[in-house]
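Visitor: Sharing a structure here in structure tokens format.
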Amino acid sequence: MALLPWAQRVRRKANLPVRLSWGDAGAHSLSLGDFDEPRVQIHVRDDEALRLLLDPTLETLGQAYVEGLIDVEGQLEDILAMAHGLTDAGADDSPGLMGRLRRRVAHTRELDSDAIRYHYDVSNAFYAEWLDSAMVYSCAYFENGDEDLATAQQKKIDHILTKVQLQPGQRLLDIGCGWGALVIRAAQKFGARCVGVTLSENQYALARERVREAGLEGQVEIRLQDYRDVNDGPFDRITSVGMFEHVGLNHLADYFAHIRALLAPDGWVLNHGITSTDADDGEATKGAGRFIDRYVFPHGELPHIGTVLRTMQQGGLEVFDAENLRRHYAHTLAHWSRNFEARRERVRALVDEKRWRIWRVYLAGCAWAFEHDEVALFQVLCRPARQGAGGLPWSRRWMYGPG
């Protein structure tokens, strides 16, 4: 059996506080390091798991866990450290074909709609258990670092709307509006007239309900609509938060060109989205990207920030400001993961065992990835390209000043 040489290599290279067991009641076991008590215990429930463990990537380890081939006990931080240690110590030294090639996805309205429904239409109750009360499912903005999640999410929305200099009476388009938090805030605090579009039927229904409850039906319209089908511009301001990850690398220039076509000549647009730290537009490291594509975000693709800036210019937008909020997203995901763990039984009752395992490892794993600069999050502020600079502010002071 190749298991013993693999375990010896892991002990030698990583010395992990992990015990691996298999057989009835864990009759057989191996230690993957020197320790008095293991911090993580892996119990193999199916022989297929041994093959996956012998080819250790975050994809194969995650697959073994979510498919119920292994059970893992321990604190999440220790489990994540174990997973990364196994991939470092147990893998072949060569990057492998999948490490070198980046798959490009063909994005159609039907495929994108299916992917959105798979990810977001789990149930509104599922998301409500671990998000803040406004159900903002994107990176929060911790201005001081000690805010609670709800406060940081509202500060994120205000940060975005302040950056685009939203004024009373202006028309705002929010692409990928989620459960409506941004357009509701834009109407209530900034006096804007808003259109929010989403492909998620669950988000659409709850966002419309929340607009009605807020008495904003005359100011806010929620649509179940593909962004490519929005054709009633111009809009004074356009925001896109946590959505362009679904657009596809080959379609980014067209995406930004469509935004430019909908934007007023003196308008502003802010794109808030996850980016790869691989300069070749690679996936998340160690197979994590393939795991996410398979189980969490089908057809998602993350561009490098360089690709984002280039395709924005190709789409007719001039980049005015770019802000990296990577640390903020690590902090946000840590909040979500803690909420998920604290309410694990309530969450577990809302979904099947496989989906519960997927989301548990996904939230905790993403927090690790952002903390360790494996992925990033950029807010990029743009205006229509090839215009004079007259009337533009000379500094970024308006973005960070009071109120």
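The values are calculated or read from the model by the stated rules, or taken from the named source; none is laboratory data. Every value quoted in this text rests on a predicted model; they were computed, and no experiment measured them. Backbone-built Cβ (ideal geometry, glycine too); neighbour counts: all protein chains shown.
Visitor: When the stretch 257-280 is examined, which residues are found to be out of contact with any Phe, Trp or Tyr (no Cβ under 9 Å at 6 or more places or on another chain) and among the hydrophobic types (A, V, I, L, M, F, W, C)?
Guide: Ala257, Ala261, Leu270, Ala279
Visitor: Modelled with pLDDT under 95, assigned to a helix (DSSP H, G or I) and exposed (fewer than 15 other Cβ atoms within 10 Å of the Cβ): which single residue out of Asp114, Asp93 fits that description?
Guide: Unique residue meeting the criteria: Asp114.
Visitor: Can you find, within the stretch 357-403, the residue that is nearest to the chain's Cα centre (by Cα) among those that are within 21 Å of Ile259 (Cα to Cα) and in a strand (DSSP E or B)?
Guide: Across the stretch 357-403, the extreme among qualifying residues is Leu377.
Visitor: Let me ask something additional. Hey, can you tell me all the residues within the stretch 317-356 that are outside any helix (DSSP H, G or I) and either within 14 Å of the chain's Cα centre (by Cα) or not hydrophobic (A, V, I, L, M, F, W, C) (or both)?
Guide: Glu318, Asp321, Glu323, Asn324, Leu325, Arg343, Asp352
Visitor: List every residue pair whose Cβ atoms sit under 9 Å apart, with the two residues 6 or more apart in sequence or on different chains, where the first one lies in the stretch 32-57 and is in contact (Cβ under 8 Å) with a residue 60 or more places away in the chain and within 17 Å of Ala81 (Cα to Cα) and the second, anywhere, is assigned to a loop (DSSP other than H, G, I, E, B) and not basic (Lys, Arg).
Guide: Thr57/Ala91; Thr57/Gly96
Visitor: Name the residue, out of Val211, Val269, that is in contact with a Cys (Cβ under 6 Å, 6 or more places away or on another chain) and modelled with pLDDT of 95 or more.
Guide: That would be Val269, the only listed residue that is in contact with a Cys (Cβ under 6 Å, 6 or more places away or on another chain) and modelled with pLDDT of 95 or more.
Visitor: Might you check whether a residue that is closer than 26 Å to Arg260 by Cα, in contact with a Phe, Trp or Tyr (Cβ under 8 Å, 6 or more places away or on another chain) and either at pLDDT below 95 or among the basic types (Lys, Arg) (or both) occurs anywhere in the stretch 168-189?
Guide: Checked against the condition, which is being closer than 26 Å to Arg260 by Cα, in contact with a Phe, Trp or Tyr (Cβ under 8 Å, 6 or more places away or on another chain) and either at pLDDT below 95 or among the basic types (Lys, Arg) (or both), the stretch 168-189 yields at least one hit.
Visitor: Of the conditions (1) within 18 Å of the chain's Cα centre (by Cα); (2) under 21 Å from Val380 (Cβ atoms), Ala186 fails just one. Which one is it?
Guide: Condition (1) is where Ala186 drops out.
Visitor: Tell me, yes or no, whether the stretch 200-222 has at least one residue that is closer than 23 Å to Phe378 by Cβ and under 23 Å from the mean Cα position of the chain (by Cα).
Guide: no
Visitor: Further question: How about the stretch 13-34: which of its residues are more than 35 Å from the chain's Cα centre (by Cα) and at pLDDT below 90?
Guide: Passing the criteria: Gly23, Asp24, Ala25, Gly26, Ala27, His28, Ser29, Leu30.
Visitor: Same structure, new question: Just to be sure I understand the filter: pairs with C-beta atoms under 6 Å, separated by 6 or more residues or on different chains, first member in the stretch 242-261 and closer than 10 Å to Gly300 by Cα, second member among the aromatic types (Phe, Trp, Tyr). Which pairs pass?
Guide: Final answer for the pair search is Val247/Tyr255.
Visitor: Report the residue count in the stretch 34-69 for those that are buried (at least 20 other Cβ atoms within 10 Å of the Cβ) and either touching a Pro at 6+ places or on another chain (Cβ under 7 Å) or not polar (S, T, N, Q) (or both).
Guide: Final tally of qualifying residues: 15.
Visitor: So which residues in the stretch 324-340 are surrounded by 17 or more Cβ atoms within 10 Å (Cβ to Cβ) and of a type in the set (D, E, K, R)?
Guide: Arg326
Visitor: Out of the stretch 368-403, which residues are of a type in the set (Gly, Ala, Ser) and under 17 Å from Glu245 (Cα atoms)?
Guide: Ala369, Ala376
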